[in-house]
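The structure appears below as structure tokens.
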Amino acid sequence: MATSPQVDDLSRQSTFTFVGTVMELNAATMAEEVPVTQNTAVVHVDQVLQAPPMLANRDGTDITVLLRDAEQVQEGQQATFFTTGWIYGEDIAVQEVGHVEGRVDDERAAELAALSPGTPENRTHRLQQRLADADVVVLGMVSEIKFPEGYDTHGPVSEHAPLLRQTTIQIETVYKGDLPADQDMVQAIFFESQDIRWHRTPILDVGQKGIFVLDRREIQELQREEYAVLDPLDYQPPEQRDLIETLLQGS
Amino acid sequence: MIQVVNMVPKSNSDEVFQDSEPHLAVNPTNPQQIAASAFTPDPLRGPNAPIYVSTNGGLTWRLNSNVPSGAGQFFPTGDITTTAPGRRNDDDNGNDDGNDDDNDNDGDNGRRLYAGILRTPGSLLFNALRTPDFLSRERWW
């Protein structure tokens with residue numbers, strides 16, 4: 001039986017962990033895309049334990065696994081496979097980091113599931129954590145976008161520059177934060193760059209409505225603290241309103 | 001006529017990344033074999049970065065995650081720039097058959113691929129890598 005340190009070590013090195021049954025050795029589900037060798041095998045996914053979104057729903061399907069050592073497994077054997085990605089084509093092939101015989105115990109399976117970023121439960125948990133950490137949460141609409149005061153708009157600009165902008169958000173509802181009762185707007189910094197470096201940061205437009213999850217952060221280019229919308233979770237579309245109200249009431 | 005092909009494989013078809021700064025390298029001994037790169041992270045966030053590979057002249061593509069990288073980094077390896085230095089008069093059979101068509105380059109088929117990459121974590125470091133066969137699971141070094 002696998003020891004916890006062994007499972008810990010394997011889970012740190014892997015990004016897709018599942019309980020699987022070896023169906024066929026020297027085989028692949030994507031024969032045209034995967035070079036079939038003595039180390040490739042078709043494995044039936046009995047239960048996904050840890051997975052990114054694209055593999056979260058693979059229960060009950062077959063997948064190609066590049067084994068570390070084909071002599072360590074037999075057809076019909078069930079094991080917990082720790083893997084990383086290998087080839088992505090019509091389907092996915094993964095390469096084994098290691099495996100332990102049989103299924104890991106329930107406690108360890110729950111720990112691995114908690115590492116999966118793709119499950120709805122974990123996405124909700126991350127949003128709940130973000131709301132709990134935020135200084136201010138408001139429902140509102142972007143009414144104005146301009147250059148922040150003190151921002152150098154004339155200096156040399158790298159292709160990776162964030163392109164700071166300051167947005168004014170007209171507040172409809174304050175969900176969280178010590179804002180004065182008569183305050184009907186809040187200003188925040190965001191990045192307008194579409195460069196790959198800032199691909200995940202929200203880009204705002206005038207008239208855009210939603211829930212803004214704000215912290216005061218040190219903005220290096222301005223050398224001062226400002227509210228900022230920089231994390232993907234810092235802007236939530238209006239459709240998330242009911243969920244966010246529920247999460248805030250529960251926190 | 002130009003045929004536009006979506007290079008993102010079916011298994012990764014819901015990806016919404018900014019696959020910018022694309023680059024292509026064609027095997028000069030067999031133009032059906034093409035390697036390509038872009039700012040595409042490994043979909044499973046593993047320890048390798050992927051390159052796109054086609055064996056039918058670009059009609060279909062797969063992602064092959066075998067370029068050394070940093071596990072768990074969102075953009076672990078960037079600016080992958082590839083070149084396939086094979087020679088047109090190689091016979092591309094990759095074996096040491098003494099065939100004159102190999103032009104004394106047996107084993108030096110066009111599937112050998114060089115890549116310049118910027119590698120993280122930490123500060124960006126330039127690495128020059130080589131693989132003997134970009135179609136196989138051969139690792140780079």
Here the gain from full extension of A:Lys146 to A:Glu159, 0.36 nm per residue of separation minus their alpha-carbon distance, amounts to 2.7 nm
Rounded to one decimal in nm, the spacing of the 7 Å Cα→Cβ label points at A:Asp59 and A:Asn26 is 3.5 nm
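Given 0.36 nm per residue, what is the gain on full extension from B:Asn6 to B:Arg130 after removing their alpha carbon distance, in nm? It would help to have the intermediate numbers written out before the result.
Numbers: separation 124, 0.36 × 124 = 44.64 nm, distance 2.67 nm.
The span from B:Asn6 to B:Arg130 would gain 42.0 nm if fully extended.
I need the calculated FRET efficiency for the pair A:Gln187 and A:Gln77, taking r as the beta carbon distance and R₀ as 45 Å, to the nearest 0.05.
Given R0 = 45 Å and the Cβ-Cβ separation, E is 0.15.
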In region B:1-76, the chymotrypsin sites (Phe, Trp or Tyr not before Pro) that sit in a DSSP loop and have at most 16 other Cβ atoms within 10 Å of their own Cβ are B:Phe74
For peptide A:191-200, the mean count of other chain Cβ atoms within 10 Å per residue Cβ is 3
Restricting to lysines and to Cα separations under 29 Å from A:Lys146, and discarding same-chain partners fewer than 8 apart, the set is A:Lys176, A:Lys209
Across B:8-15, the residue-averaged tally of Cβ atoms belonging to other chains within 10 Å stands at 5
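Within 10 Å of each Cβ in peptide A:11-17, how many partner chain Cβ atoms are there on average? Round it to a whole number, please. Don't skip to the answer; put the middle values down first.
On the way: counts 0, 2, 3, 4, 8, 4, 0.
Per residue, the average neighbour count from other chains is 3.
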Projected onto the charge dipole of the protein assembly as shown (unit charges on the beta-carbon of Lys, Arg, Asp and Glu, signs +1, +1, -1, -1), the Cα from A:Leu49, B:Val16, A:Thr201 with the largest positive-side position is that of A:Thr201
The Cα extents of the protein assembly as shown along the principal axes, largest first and rounded to whole Å, are 86, 56, 40
Around A:Ile169 (Cβ within 11 Å, Cβ-to-Cβ, excluding A:Ile169; K/R +1, D/E -1) the net charge comes to -2
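Only the coordinates and a few stated rules stand behind these numbers; no lab work does. If you're wondering where the values come from, they're calculated on a predicted model, not measured in any experiment. A quick note on method: Cβ atoms are made from the backbone with ideal geometry, for glycine too, and the neighbour counts reach across all protein chains shown.
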